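*Asks:* The following block contains the structure, expressed as structure tokens.
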Amino acid sequence: MRKTFGARGAIFGLLAVACALPLGAQEYRGRVQGFVTDPSKAAVIGADVTLTNQGTGIAVTRQTTENGMYLFDLVQPGTYSIAVQAAGFTAFEQKGIIVQTRGDVTVNASLQVGAMTETIEVVANATT
């Protein structure tokens, strides 16, 4: 006795493949992440990290974790700037960060000891 799937099996197989294909391509947004450290490379905990879309002016702020990490997930593609502030350190700012579709951008900030009225501006491209 031989079993065949026939037309019904072929249709179910094609439907399964067709339904699975769009699932991998639905998310187009990227993410921006990094670590904030002091001059001795120790983590700066609780630093305010602000990601600003340079095209729209929309800004979102996160705080660094216990290991100095920050993460902005589901970021629209575009050009951004990052500003980092923490008590007892100079401010850090990097502009021109390009987030591409499904891009993963890392921007690490090394803060210098000093007053928050001082700003260190980095004029370099982010690591992608």
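*Asks:* Report, by residue number, each residue of the range 104-126 that is modelled with pLDDT of 70 or more and open to solvent by 70 Å² or more (accessible area, probe 1.4 Å).
*Replies:* Of everything in the range 104-126, those that are modelled with pLDDT of 70 or more and open to solvent by 70 Å² or more (accessible area, probe 1.4 Å) turn out to be N108, Q112, V113.
*Asks:* Filter the range 57-80 down to the residues that are over 13 Å from V99 (Cβ atoms) and hydroxyl-bearing (S, T, Y), then identify the one that is nearest to the chain's Cα centre (by Cα).
*Replies:* Of everything passing the filter in the range 57-80, Y70 is nearest to the chain's Cα centre (by Cα).
*Asks:* OK, next. Mind listing whichever residues of the range 42-64 are of a type outside the set (G, A, S) and touching a residue at least 40 places away in the same chain (Cβ under 8 Å)?
*Replies:* V44, V49, Q54
*Asks:* Any residue in the range 16-29 that is closer than 27 Å to L111 by Cα, modelled with pLDDT of 95 or more and not aromatic (F, W, Y)?
*Replies:* no
*Asks:* Right, here's the next one. Looking at the structure I just gave you, is Q63 modelled with pLDDT of 95 or more, open to solvent by 70 Å² or more (accessible area, probe 1.4 Å) and within 21 Å of A43 (Cβ to Cβ)?
*Replies:* It is true that Q63 is modelled with pLDDT of 95 or more, open to solvent by 70 Å² or more (accessible area, probe 1.4 Å) and within 21 Å of A43 (Cβ to Cβ).
*Asks:* Could you name every one of the strands (runs of 3 or more DSSP E) located completely within the range 31-95 that has at least 1 residues being within 13 Å of V105 (Cβ to Cβ)?
*Replies:* Ranges flagged: 48-53, 69-75, 78-85.
*Asks:* Looking at the range 41-53, is at least one residue open to solvent by 70 Å² or more (accessible area, probe 1.4 Å) and modelled with pLDDT of 95 or more?
*Replies:* yes
The values are calculated or read from the model by the stated rules, or taken from the named source; none is laboratory data. Here the structure is a predicted model, which is why all the values come from computation and not from measurement. Please note: Cβ atoms are built from the backbone with ideal geometry, for glycine as well, and neighbour counts cover all protein chains shown. Surface areas here come from the heavy atoms of the whole protein model, side chains and all, with no ligands, DNA or RNA. Shrake-Rupley method; radii C 1.70, N 1.55, O 1.52, S 1.80 Å.
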